[in-house]
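Report on the following structure.
The values are calculated or read from the model by the stated rules, or taken from the named source; none is laboratory data. As the structure is a prediction and not an experimental result, all values here were calculated from the model. Cβ atoms come from the backbone with ideal geometry, glycine included; neighbour counts cover every protein chain shown. Keep in mind that these areas ignore ligands, DNA and RNA; they rest on the heavy atoms of the full protein, side chains included. Shrake-Rupley method; radii C 1.70, N 1.55, O 1.52, S 1.80 Å.
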Amino acid sequence: MVKKWFSGFIGLVLLSLVLTACSGGSERSGGESDVEIPEGATEVVMWNLFAGGDAEYMQNIVDAFNESQSEYFVNNIMQENAEYYTKLLTSIGAGKGPDVAIAHTHVLPELVSQGLVQDLDTIGEDVGVKWDEFNQNILDATIYEDKHYAVPMDTHAQIMYINNKLVADADLLNDDGTIKMEKTPEGYVEFYQTLKDILPEDKIPFAFASSGSDPYWTWWTFYSQMGGRGILTEDSLENPKYDLDVDKAIKAASFVNSLYHENEIIPLNISDFYSEFQSENAATMNTGVWATGTWESTEGLEFTPMPIPTIFGENAAWGSSHTFVLPYSQKADEVAQKGAVEFMNFAADHGAMWAEAGHIPAKTTVVESEEYQELPYRSEYAEVANYVNFVDRNIYARGLEEIVVRHLDTIWAGEATPEEAFAAMETEVKDLIGE
Amino acid sequence: MNKKLWAHDFKAIPFLLPFFVAYVIFTILPIFKGLEMSLYDWTLVRKLDFVGLANYKEMFIDPHFWRTLWNTTLFVILTTPTMVLLALGLALLANMNTKLQTFFRGSFFLPSILSVAVISFLAIFMLQPYSGLINTVLHTIGIEAEPFWMADKTLAWVSIVVVTLWWTVGFNMVLFLAGLQDIPESLYEASEIDGATRWKQFRHITLPQLMPIGRVVLLLQILGSYKVFAQILLITGGGPGGATRPLIQYIYEVGFTQNNLGYAATMSYALFFILLILSIIQLRNQRMGES
């Protein structure tokens, strides 16, 4: 009896080992896939880091490109977002990278300085990339030593979304659909206080995360509105110096913090603030433009996207940009590389397809096009692209972000005052950059 | 050497060789590669300069190394004794001759077969404020408080420890259960004839007989707890503000987001030595216990 029982248990243990082993094995590995390449076409392997709606819109662009010509076939391979850059950096380093890859602008310096991406000037000219059609603010973030290193696809900034019905209930909506808010810090708080006072108790004035990237982005927006430019100097990719405007940083952080604690406008530690907004439980939220596509497809949700109000003087917002890069390879297939840049150019020209997700296209010509202007909501925040303050350009961007977010989190969690958090952050950042 | 024995051993070589080769390639070589990395300035992409012991020197003065090492040690201190006692208690319960035996065994062991992603998701589902299961139950019974299980420093530790215990206790329970079933029935029969009470039987037969397996459980638990990473990353992300960040998360961040594999390898070696020393102490104790 005992033996029989025990062998059953061993079976269960083995089963658990098998299940654990399986759980890691479903990821598609780079380069290989079961996609059939049409005869005569050159395969162009692309890696992307998108998930959810974004992934679908990117696939649509790839399909459109593949159908538009027969010379190349872009094989779009989705990679796990969390591991994307580790995998990209190591694969290119080992000579096994894709032909074309997606990279955020803040990771470009790391790729450029390590020689992992190729400049696009010569090949871009061959293909006919028109650099002057891009938004200058985005394009500048992709140029190093006067060379173009990426074809920008979009700007994705953090913006504000309002629930039209709830804001109207609080009598804070003008006839033209804009909000009744005095563009000062006091006016901003007052707007939310009114929402809080008038709306039923179970409605949230401002649904937001209490930790992580989201509050960091809002802090960055207000810090930039005060005239703060960055955390490090931009004179050198490899050797930047610590350059945070501490007074402004503290002022911006104290302001964000007051929304959680002092004014109690943002309920603490909401587990999923997206679903609060989606289920019409929240009057407003801040997030990236990418949510527009999702809100549009939510039945009954009447919303308006708008730039985060300028309450500290200068127009500014946190934002990043997705770009296409050409990974460096010692034995590069020139045909595939040309195909890669052809595709980049095609995708940039078809930015309106990408804008369906909510992103602001990188090409000014696309933003001005009828196709884009006809998309609802987008034109209401497209101007943000002109004044987005991209995060610092240097090789430490990924590590820097992790440190900054962690220290800001101590403020929102009430573990440290802004003064303490920025002092601790300074030590750690200086350590990171070897200053 | 005895010729017959040699021939006997020789026959085993072809069977052992495949595993041995895999073991060398995937375990032994990386160990030396890691040691080499720790002596270099090494990024995700390439080996840069030889820096000797500079990474080790840096480690000794790095407050984050010490803080995350302390966090990990705190986790070990919080989980090890509770885990051993809990596993023992559950094993005794699951070994009782009742109709519920199979139920106990199955339900205690079941969480162990789930992956870390699943248990972390379940934990978040239960612990989240406003709508989580635990807070909803608290509200239902009239407690108005809204504890932030994953965002308050102390509560975050409590949550991680409880989740880990629930997730992994089953495996240790099985080890104890195997130990319990190895105790000869005759010892209990003899003691019964001598008039021993249940408590005396437990103290003088069960416990001493379980000592060897208990030591194994203790050692595995300490080693396992020192390697804690995934459930913390998934449940609190090391937060609030790094308060629950374990050493392996710091190693991971230094290696993969700060692009400094050399220093990450150095800290991995520090952890390796801590585990090695703990294992040696433990094995010594075991030998002394046995002699």
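Placing B:Lys57, A:Lys331, B:Lys153 in order of accessible area, with the largest value first and a 1.4 Å probe, yields A:Lys331, B:Lys57, B:Lys153.
How shielded is A:107-113 by partner chains, expressed as the average number of their Cβ atoms within 10 Å of its Cβ atoms?
Across the residues of A:107-113, the mean count of other-chain Cβ atoms within 10 Å is 1.
Here A:Lys180 is the anchor, and the lysines within straight C-alpha reach of less than 17 Å, apart from those fewer than 8 places off in the same chain, are A:Lys165, A:Lys196.
Dividing the mean sequence gap of close Cα pairs (under 8 Å, 6+ apart) by how many residues chain B holds gives a relative contact order of 29 percent.
Annotation for A:Asp132 and A:Glu186: the two label points, set 7 Å from Cα along the Cα-Cβ direction, are 4.9 nm apart. Association of chains B and A removes close to 2900 square angstrom of accessible area from solvent, both sides included, for a probe radius of 1.4 Å.
Only helices at least 24 Å long along their axis, Cα-based, and averaging -0.5 or more on Kyte-Doolittle count here, so list those DSSP H runs from chain A. Show your work: numbers first, answer last.
On the way: long enough: A:2-23 (31 Å, 1.52); A:52-68 (25 Å, -0.61).
The qualifying helices are A:2-23.
In this simple spin-label approximation, A:Ser279 and B:Ala230 carry label points 7 Å from Cα along the Cα→Cβ vector, and these lie 3.0 nm apart. When the surface is traced with a 1.4 Å probe over the full set of protein chains, A:Met78 keeps roughly 100 Å² accessible. Simple rule: put +1 on each Lys or Arg Cβ and -1 on each Asp or Glu Cβ in chain A, find the dipole, and look at A:Ala101, A:Ile395, A:Ala413; the Cα lying farthest toward the positive end is A:Ala413. Helices assigned as whole DSSP H runs in chain B whose Cα atoms extend at least 20 Å along their own long axis and whose mean Kyte-Doolittle hydropathy is 0.5 or higher are found at B:3-23, B:63-95, B:153-182, B:207-226, B:261-290. If R0 equals 45 Å, the separation of the Cβ atoms of B:Phe15 and A:Ala332 corresponds to a calculated FRET efficiency of about 0.50.
Working note: Karplus 6.51/-1.76/1.60 with θ = phi - 60° gives segment B:255-260 the couplings x, 9, 9, 8, 6, 10 Hz, where Gly and Pro are set to x.
Surface composition of segment B:160-291: carbon plus sulfur atoms contribute 65% of the solvent-accessible area (1.4 Å probe, protein chains only, all chains present).
Using the beta-carbon distance between B:Thr73 and B:Met288 and R0 = 22 Å, what value does 1/(1 + (r/R0)^6) give for FRET efficiency, to the nearest 0.05? It would help to have the intermediate numbers written out before the result.
On the way: r = 25 Å, r/R0 = 1.12.
Computed FRET efficiency for B:Thr73 and B:Met288: 0.35.
The listed residues B:Phe171, A:Phe346, once ranked by accessible area (1.4 Å probe) with the largest placed first, stand as B:Phe171, A:Phe346. At a probe radius of 1.4 Å, what is the per-residue accessible area of B:Trp199, in Å² to the nearest 10? Counting only protein heavy atoms, the figure is 150 Å². Shielding by partners for peptide A:408-420, expressed as the average number of C-beta atoms from other protein chains within 10 Å of each residue's C-beta, is 3. Label 7 Å along Cα→Cβ of A:Thr178; segment A:300-324 residues with amide nitrogen under 20 Å? The answer is A:303-317.
Please give the net charge around A:Gly95, taking every other residue with its beta carbon less than 13 angstrom from that of A:Gly95, where Lys and Arg add +1 and Asp and Glu add -1.
Taking every Cβ under 13 Å from that of A:Gly95, the sum is +1.
Interface residues of segment B:44-62, defined as those losing at least 40 Å² of solvent-accessible heavy-atom surface relative to the isolated chain (probe radius 1.4 Å), are listed as B:Leu44, B:Val45, B:Arg46.
Based on protein heavy atoms only, segment B:208-291 ends up with 42 Å² per residue of surface accessible to a 1.4 Å probe. With the helix formula -39500 (n - 2.57) applied to DSSP H stretches of n ≥ 4, chain B reaches a computed 222 nm mean residue ellipticity of -23000 deg cm²/dmol. Note on exposure: A:Thr42, A:Thr323 ranked by accessible area (1.4 Å probe, complete protein assembly) read A:Thr42, A:Thr323, with the most exposed listed first.
Centre-to-centre, using Cα atoms only, segment A:212-253 and segment A:374-435 are separated by 6 Å.
Which whole number gives the average count of other chain Cβ atoms within 10 Å of the Cβ atoms across peptide A:268-276?
Neighbouring Cβ atoms belonging to other protein chains average 4 per residue here.
Can you flag which of A:Lys183/A:Lys241; A:Lys183/A:Lys363; A:Lys183/A:Lys251; A:Lys251/B:Lys153 are past 27 Å Cα-Cα? Over 27 Å apart, Cα to Cα: A:Lys183/A:Lys241; A:Lys183/A:Lys363. Comparing the full protein assembly with the isolated chain, the residues of segment B:220-248 losing at least 40 square angstrom of accessible surface (1.4 Å probe) are B:Gly241. Summary of packing: across the peptides A:117-123, A:192-198, the per-residue average of other C-beta atoms within 10 Å ranks them, highest first, as A:117-123, A:192-198. Heavy-atom accessible surface, probe 1.4 Å, ligands and DNA/RNA ignored: which residues of segment B:116-138 lose at least 50 Å² versus the isolated chain? Hits at the 50 Å² cut-off: B:Tyr130. Take each peptide in A:288-298, B:274-284, A:100-110, count the other Cβ atoms within 10 Å of every residue, and average; sorted highest first, the result is A:100-110, A:288-298, B:274-284.
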